[in-house]
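Bear in mind these aren't lab numbers, they're just calculated from the coordinates by the rules spelled out. Because the structure is a prediction, the values reported are computed rather than measured. Cβ placement follows ideal geometry from the backbone for every residue including glycine, while neighbour counts extend to all protein chains displayed.
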């Protein structure tokens, strides 16, 4: 255990073994971006069964789009949901949605909807009339029955338009 103590200490501080922070570098103001958000409608876990497959735990997903600009609104023009094979399943924003300064817009995928699979994703497009602070976009995945719960987050990353 003692040989792992320095690693555990760094992880407790939120630092990876190389010593740099897990936090993303600050991003400058922008007039818009296309964001990729990894999503898991289920998580594979445990040992392989008789058919050679692991167990599957379904999770619900809350997608949180947070306008971090204290003065400027942003507009979400698209939130396309894709499955593991890259097939577009649906558009969650059918008409542009304005998010006020410091406000949040949320999307939800129920636990019963496992159509996305373990490699699902959202491509979210946002725009602003004037350069604004980019939003923080996260997916919160949860299955919270009593006694055995799963909860984790994923974070969006900009991709080229």
Worksheet item: Quick one: in the stretch 127-141, which of the residues that are more than 12 Å from the chain's Cα centre (by Cα) and in a strand (DSSP E or B) is nearest to residue 101 (Cα to Cα)?
Response: 132
Discussion item. With the requirement that a residue be surrounded by fewer than 16 Cβ atoms within 10 Å (Cβ to Cβ) and under 22 Å from residue 43 (Cβ atoms), what does the stretch 119-131 give you?
Written reply: 119
